[in-house]
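What follows is a set of notes on a single structure, which appears directly below.
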Amino acid sequence: MQDVDTLREELIGAVDTAADAGALEDLRVSALGRKGRITELMKGLGAVEPDKRRETGQALNRLKDEVQAAIDTRKTALDSVALDAKLLEERIDVTLPARPEARGSVHPITQTIDELVTIFGEMGFTVAEGPHIESDYYNFTALNIPPEHPARQEQDTFYLPPDESGTPRVLRTHTSPVQIRTMETVTPPIRIIVPGRTFRSDHDATHSPMFHQVEGLVIDKTSHMGHLKGCLTDFCRAFFGVDDLPLRFRPSYFPFTEPSAEVDIGCSRKGGEFRIGAGDDWLEILGSGMVHPRVLAHCGIDPTEYQGFAFGMGIERIAMLKYGIPDLRPFYDSDLRWMRHYGFMPLSVPTISGGIN
Ligand code: DAH
């Protein structure tokens, strides 16, 4: 019988240097398989002299275990080498940007709202919001626009089916209903602005069926027309970044304010070039007035004790003026090229100290 030690040396040497899983399996079969070399030796034990049989049997069993252990160890090592190679081959650089060309930016509407909120926030206003679907009462009646009032026709309202209780509903045509909702629930003093979406059935180069307004409301016992003027003058100068921007308060009419004023800012159109600032021309940018006593009364606020002012303006309009955006329609097109041109850097948040403009 072949010397067990020599066989061990040969087999374990071959196992330790097996190049891959296939070669290792061949070795296992040739040593431990049904016709393997160790198996054959075990089968031949019967021919061994009886006094050596036990000792040889034990030696072969040990050899079998040792070869099996060597195969297992080698297999683990080969598996780990194979895994390393596979991982290396399938390596992905997760730090690479997935789509380097699509960099996000802040939409001019969002930017303008951030700027408004910053300026009015500095003056002590907080932001209020209300629903886009309004009852006819909040959108019109409570604002002193009764059912047959001509102002209802002027607004190109989107009417909706009434709710379960039969209450007529509309898509709000302005942010003014949030004045009512606020005055119904908050005890004055009140100082809010309401940026938000508004809807009118109107669509051309300067009108969109969905657009944005910002409403302002101040209610206390002493605020008067002079405060309205000061507040809106400060706002316009800060927003447009023109310290001596001239403002003109022109008498006007709104059902929910008395007296009412429309506000124009100074501009010039010399040589076909439009410029905001001192000039010989005016441009209307907002509506305002002292809150009508009847509106206060509708909200349960005593008009002999409280008073205040309100204003409203179109956000697209002031954004177009400030940033020189000529057409309204691309605001809603989600066109990346337009966004790249007119969008704002994501982290350049407007602040009073860091600058609005
Ligand atoms: N709600 C008006 C509109 O949509 C704008 C407006 C004018 C709001 C005067 C006001 C205001 O609060 O006082 O045209």
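Every condition in (1) within 23 Å of Arg172 (Cα to Cα); (2) surrounded by 12 or more Cβ atoms within 10 Å (Cβ to Cβ); (3) not polar (S, T, N, Q) is met by Asp264 except one, and the failing one is (1).
Exactly one residue among Ala205, Ala142 is of a type in the set (A, V, I, L, M, F, W, C) and loosely packed, with under 14 Cβ neighbours inside 10 Å, and that residue is Ala205. Among the residues of the range 89-107, at least one is within 42 Å of the chain's Cα centre (by Cα), β-branched (Val, Ile, Thr) and either surrounded by 13 or more Cβ atoms within 10 Å (Cβ to Cβ) or under 27 Å from Leu228 (Cα atoms) (or both).
Mind telling me which of the residues Val194, Val127, Val218, Val178 ends up being in contact (Cβ under 8 Å) with a residue 40 or more places away in the chain and more than 12 Å from the ligand (Cβ to nearest atom)? Explain how you work it out, then say what you get.
Working: Val194 fails: more than 12 Å from the ligand (Cβ to nearest atom); Val218 fails: more than 12 Å from the ligand (Cβ to nearest atom); Val178 fails: more than 12 Å from the ligand (Cβ to nearest atom).
One residue alone meets the criteria, Val127.
Can we say Pro259 is surrounded by fewer than 17 Cβ atoms within 10 Å (Cβ to Cβ) and assigned to a strand (DSSP E or B)? Judged against the criteria, Pro259 is a match. Counted as qualifying within the range 161-248 are the strands (runs of 3 or more DSSP E) with 1 or more residues that are within 21 Å of Pro259 (Cβ to Cβ) and not hydrophobic (A, V, I, L, M, F, W, C), namely 190-199, 210-220. Here Gly279 fits the description: in contact with a strand residue (DSSP E or B) (Cβ under 8 Å, 6 or more places away or on another chain), assigned to a loop (DSSP other than H, G, I, E, B) and more than 16 Å from the ligand (Cβ to nearest atom).
Working carefully through the options Phe249, Phe235, Phe256, find the one that is of a type in the set (Phe, Trp, Tyr), free of Cβ contacts under 8 Å to residues at least 60 places away in the same chain and in the same structural domain as Met183 (by TED's automatic domain parsing). Quick ask: steps written out before the conclusion?
Numbers: Phe235 fails: free of Cβ contacts under 8 Å to residues at least 60 places away in the same chain; Phe256 fails: free of Cβ contacts under 8 Å to residues at least 60 places away in the same chain.
Residue meeting the stated conditions: Phe249.
Under the condition of being within 16 Å of the ligand (Cβ to nearest atom) and not in a helix (DSSP H, G or I), which residue from the range 311-327 is surrounded by the fewest Cβ atoms within 10 Å (Cβ to Cβ)? Applying the filter and picking the extreme gives Gly314.
Just checking, how many residues over the range 1-20 are out of contact with any Asp or Glu (no Cβ under 7 Å at 6 or more places or on another chain), among the charged types (D, E, K, R) and assigned to a helix (DSSP H, G or I)? Residues flagged as out of contact with any Asp or Glu (no Cβ under 7 Å at 6 or more places or on another chain), among the charged types (D, E, K, R) and assigned to a helix (DSSP H, G or I) within the range 1-20 amount to 4.
Scanning the range 332-357 for residues that are in contact with a His (Cβ under 8 Å, 6 or more places away or on another chain) and part of a loop (DSSP other than H, G, I, E, B) yields one hit, Gly343.
The values are calculated or read from the model by the stated rules, or taken from the named source; none is laboratory data. The model shown is predicted, which means the values in this text are computed figures rather than measured ones. With ideal geometry, Cβ positions are generated from the backbone for all residues, glycine too; neighbour counts draw on all protein chains shown.
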